[in-house]
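As structure tokens, the structure follows; a few thoughts come after it.
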Amino acid sequence: MAVRTEPFVLNMGPVHPSTHGVFRMRATLDGEVVVDIEPVFGYLHRGIEKLTEQRTYNGIVPLTDRLDYISSMSNNLAYCLAVEKLAGIKVPERAEYIRVIIAELQRIAALLIAVGAFLNDCGAYFTPFLYMFREREKIVDLFEMVSGQRLTYNYMRVGGVSQDLPEEFMPALRKFMDKMPHYMDEYDQLLMQNEILIARAKGVGILSGEQAINCSASGPVLRASGVNWDIRKADPYSIYDRFDFDIPTQTTGDCYDRYRQRVDEMRQSLRIIQQAIEQLPSGPVRAEVPHLVRPLVGEAYARLEAPKGELGFYLVSDNSIAPYRCHIRPPSLINLTALRDMVRGWKVADLIIIFGSIDITVGEIDR
Amino acid sequence: MATFDFNIYNLVNSQAVPPDWPGGFWWHWLFFTVVIIGFVLTLVMGVIYIERRGMGRMQSRLGPNRTGPFGLLQPVADAVKVLLKENIVPTAADKLVHWLAPVIAFAPALMLFAVIPFENGALLADLNIGILYVVAISSVSTVGIFMAGWGSSNKYSLLGAMRNVAAIVSYEIPMVLAIVGVVLIAGSLSLNQIVMAQNVPFVLLQPLGFLLFFAAGCAEINRSPFDLMEADSEIVAGFHTEYSGMKFAMFYLVEYAEAVAISAIIATLFLGGWKGPILPPWLWFIIKIILVFFAMVWTRTTLPRIRIDQLMAFAWKFLFPMSLLNLFITALQVLAGWPTELAWVMVIVNIAVMVVMVFIWSKFFFRLGGGRLEA
Amino acid sequence: MTVSLSGKEVASKIEEKFSGSVVESSAENLVIKSDRVLDVARFLKETDGLDFDYLNFVTAVDRYDHFEVVYLLSSLEHNHSLMIKARCYDRENPALPSVVDVWQGADFQEREIYDLFGIKFEGHPNMKRIFLWDGFDGHPLRKDYI
Amino acid sequence: MKLERYGIGIAKGLTVTIKHLLRHPTVSQYPEQRLNISRRFRGNELIWNQEKCTGCGTCAKTCPQGAIEIVTSTDAAENKYVVEKYEADTGYCIQCGLCVESCPYQALYFSHNFECAKYRRSELVQGKEKMLDTPERKVSGYFYPDKAEKLPEQTLLIEKITEKR
């Protein structure tokens, strides 16, 4: 008489140590094996797209800080690019270079958290997380020096940047730049070759190239599946065509490749910052833009390569001081569409790692 | 009456029969029960401090340093806080089982210390089947942990408890076989005799046995890379998710008391218990326990967690055959009489055997499957 | 540099295949009849000249008298992109065919449009609200939502 | 797990952690050791300069949260606005700095301290008198480079020696 077992539903509820925020997964388990999962969203839904319709164009910048609160500088930049494309504003040279330096520093800071949280989900008890937070702390110090806040920077404005870099910024950045590679090699030595991590992450949660494209994944998740698509190279915005850097891609698209992909991308960002520091011109940091911007009737979609993926703003204007409609393309939410097929058949422990390797921020999912 | 010299050494010379303590057997029993309970609880406090401080320093942060000088009273502060916490029992819980689980989990952890010698002959019961008693008692705590998992009627704790039962069953055998290797050389099961026979510490004579026992021991008490029973990133807090207040304190104590017990057993079996050049024997014993425990803290800080099916595969395909082979080789060496005369030859041979075997296993035999079940 | 194809060229190709499915086409605006969206989508994905295999995003705009659903498609190997729109004039229960079978990436975005605008997508595997709880009445992002 | 590198990966990882035992911790003891915050720090209180303020209300209009409330009455003699009531509800304020940036008469600054927690929500509302420039409520250099020079240099984690003991 075969023992009858039936799958039970386990609520990886909004409050769970490794759901990276208030995100819930209703996992149907058969013993340890995951039969099916159904993500539940909406715990952090603040209606940001409705709020943008009652605010002036500059009043929306502090709202974009709260989308992907781990990389608010990239959100600010994406929004400002969209408004500048809509209103046809030309940004001065120095502001462009400051934006590139700050965006790439923000990418390193956000990827550090992504990798740290992934390794923490694998079980390395907070050690890699705290090491990577130490590096992120140095970047956040620089951002605090420039913008005045540590998380919600509200630094970029339509037409440029709100304030120029203080004098002590450059020496501090140079000191950070020549110490960072040493620390990155140390992190690789910590866990990159670790047999337990290789056994846990290699071959787990494989996302093939076509499946990634079909699920419109973007960012490290797409490139780890072998698709060579990076918006900084494919559709260079601001002045990314002046820097030479290459796009790392991996082959199989499993959790280990996504981890290695993020580490390689951090190294490329260091290269970009190095070149941007050398070519930094002097001059104004903000175009002559009225405080209340009133773009003409029309629509525009601008996007950039945020640490999580392709972050875009679709703005429709009706020539008033507030946008008629502002849609935000959430890379975290769209990357999750592939989660269901990647996770079926794996165990509970792998579900956590696959979810951690996609690296989402709930602020951007629920908006 | 000679001045009451507190040095136990000359009072209790080595014999199997309990010593003729001035008050006879009952005084001896009372003295050692008090010593064991006092020793275990203070060492558990010290060990909690070492773990939190050590892990803190390894993660480039400070660790507790506010309560008491250098944070030494942190474990006491933790205990007081946990005891004052409200004792919540989930409504759907099986009350009796939920209440009894910590007791059954905690008792064996203390009973293990009955046979561990603090000094030559200074132990509660010098059983001549000491090590068998240790192995038997250490698997009783699994019942307690499973009762906790079942009693709190919470899916996460059920998962944790099922994992615990599966892991402990499959790690019993490599652990016992590693012990048998040691017993073969020492010639006796009593822990005191084993320590006496260790003029060359068994970690050198039995390097492979030491590795196997350390791995299996860590899996038994779910520490370092094998801490699946309360894998906090996956199943919240495993079997003790629904516990709070006093009962949580008991489970917290169980975890560390068992860690101290396993490191005490490793110290006695492999590192030559209380044998040491200048320092008094019981101090040597404590130093070795702390040394072994620090190794556990070190692995816990660095290594990621193993998945449950890899844990099983590691036990059955890696540890078990290796321990059989190790036992076979030790038996041959003991037959040829090496441990007594050519001890150092045996050390070199065994280390070579260990390196070769680990190389062969990891290169050819031990291949870990993908783990994906096509639903 | 991603070339955004002008609506006119693609409109002529679509007209050949599905006559009468293009409502309006100008340099950067291409509006498709709402019930032909699925066939046009499949056509845009399969023909090898265009092969838009990547859906950037799906969103909706409430233009008071009609809803406008905007699809931005791009092709990764030709590196060109195209923005197509579909309008639905019925405000009580607006409906559009779902493109989830063509691009699986549209799954959550279509649920979000249903949740915030009330536009139902037929053929969507699990047409439910995504952010708000099921008992919520009304669709917040509509212009007339108080 | 396949130890194809025979546990070398694990050993190298372990050496990294043990090396950290010999390094300085990067943490500092907050109440006793206080780090200098950035000169442009946006503290959670506003500082208002009564003389310079002309009551134009630009700050109240630009505030995305509507946290600033200003009531003015006209003074016919000097043909000037007199600010009757000027309140900033720091409960609503998200410290975005748009008000300080948009004030045409440089009458509004940010304060430089961040320890302004209150027990009551009503205490969060900063009235006119609680916003004046007093010694213990220092002015932050956000958008005022001259004021930034007077503030102490920010302590950076990069300068802290964490390598050798």
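Coordinate-derived values only; no laboratory data. Since this is a predicted model, take the numbers as computed values, not measurements. Quick reminder, even Gly has a Cβ in these numbers, built from the backbone with ideal geometry, and neighbours come from all protein chains shown.
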| request: For a quick protection proxy, order the peptides B:55-63, A:183-191 by their average other-Cβ count within 10 Å, most packed first. | output: B:55-63, A:183-191
| note | Computed over the protein assembly as shown, the distribution of all Cα-Cα distances in 10 Å bins, rounded to whole %, is 2, 9, 16, 20, 18, 14, 10, 6, 3, 1, 0, 0
| request: Shielding by partners for D:147-157, please: the mean number of other protein chain Cβ atoms within 10 Å of each residue's Cβ. | output: 3
| message | Cβ neighbours within 10 Å, averaged per peptide: list A:142-149, A:290-297, D:124-131, A:267-274 in order, most packed at the top. | response | A:142-149, A:267-274, D:124-131, A:290-297
| field | Percent of Cα pairs exceeding the 22 Å cut-off, where the set is region C:3-91 | value | 19 percent
| If you look for lysine pairs in chain B that are eight or more places apart or on different chains, how many of them have Cα atoms under 13 Å apart? | 4
| query | Most fluctuating residue of B:L96, B:L327, B:L311 in a GNM of chain B with Cα springs under 10 Å: which is it? | reply | B:L96
| Relative contact order, percent, of chain A when contacts are C-alpha pairs under 8 Å separated by at least 6 residues? | 27 percent
| Whole-number percent relative contact order across chain B, with pairs defined as alpha carbons under 8 Å at least 6 apart | 20 percent
| Of the listed peptides A:245-251, A:39-45, what is their order by residue-averaged count of other C-beta atoms within 10 Å, with the highest listed first? | A:39-45, A:245-251
| query | Within chain B, what's the longest stretch lacking GluC sites (Glu not before Pro) that sit in DSSP loops with no more than 12 other Cβ atoms inside 10 Å? | reply | B:87-340
| Residue-averaged beta-carbon neighbours from other chains (10 angstrom radius) around A:352-363 | 1
| Helix D:8-21: angle to the longest alpha-carbon principal axis of chain D, degrees 0 to 90, nearest 10? | 50 degrees
| Distance from the Cα centre of region C:41-56 to that of region A:75-152, in angstrom? | 34 Å
| note | Non-local residues with an amide H under 5 Å from the amide H of A:V34, with H modelled 1.01 Å from N and Pro and chain starts lacking one, are A:G345, A:W346, A:K347, A:V348
| note | Projecting the Cα atoms of C:V61, C:M83, C:L38 onto the charge dipole of region C:3-91, where Lys and Arg contribute +1 and Asp and Glu -1 at Cβ, the residue farthest towards the positive end is C:V61
| Ranked by Cβ crowding within 10 angstrom, fewest neighbours first, how are A:R303, D:R23 ordered? | D:R23, A:R303
| Listed residues A:A349, A:A87, A:A302, most fluctuating in chain A (Gaussian network, C-alpha, under 10 Å) | A:A349
| task | State, to one decimal in nm², a quarter of the convex hull surface area for the C-alpha atoms of region B:87-365, i.e. the direction-averaged projected area. | result | 14.8 nm²
| Using the eigenvalues of the Cα gyration tensor, what equivalent ellipsoid semi-axes result for chain D when each is taken as the square root of five times the eigenvalue, whole Å, largest first? | 49, 17, 14
| request: Pairs of Cα atoms under 8 Å, at least six residues apart: use those to get the relative contact order of region D:46-150, whole percent. | output: 32 percent
| said: Going by Cα centres, region B:162-181 and region A:305-367 are how many Å apart? | reply: 45 Å
| said: For region B:152-272, place one equal point scatterer on every Cα, skip the solvent, and apply the Debye formula. What is log10 of I(q)/I(0) at q = 0.13, 0.20 Å⁻¹? | reply: -0.59, -1.02
| note | Calculated from DSSP helices alone, with each H run of at least 4 adding -39500 (n - 2.57) and the total divided by the residues of the protein assembly as shown, [θ]222 nm to the nearest 500 comes to -13500 deg cm²/dmol
| query | Taking chain B as a Gaussian network, where each spring joins two C-alpha atoms under 10 Å apart, which residue of B:G24, B:G130, B:G149 fluctuates the most? | reply | B:G24
| Among all helices in chain A defined by DSSP H, which have a length of 18 Å or more along the axis from Cα atoms plus a Kyte-Doolittle mean of at least -1.0? | A:72-87, A:93-122, A:127-147, A:169-187
| field | Estimated dipole of the protein assembly as shown in Debye, rounded to 20 [Cβ of Lys and Arg +1, of Asp and Glu -1, Cα centre] | value | 1540 debye
| message | I need the phi-derived Karplus couplings for region B:58-68: 6.51 cos²θ - 1.76 cosθ + 1.60, θ = phi - 60°, integer Hz, Gly and Pro marked x. | response | 6, 9, 6, 10, 8, x, x, 9, 9, 8, x
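Per residue of C:105-115, how many C-beta atoms from partner chains lie within 10 Å of its own C-beta, taken as a mean?
5
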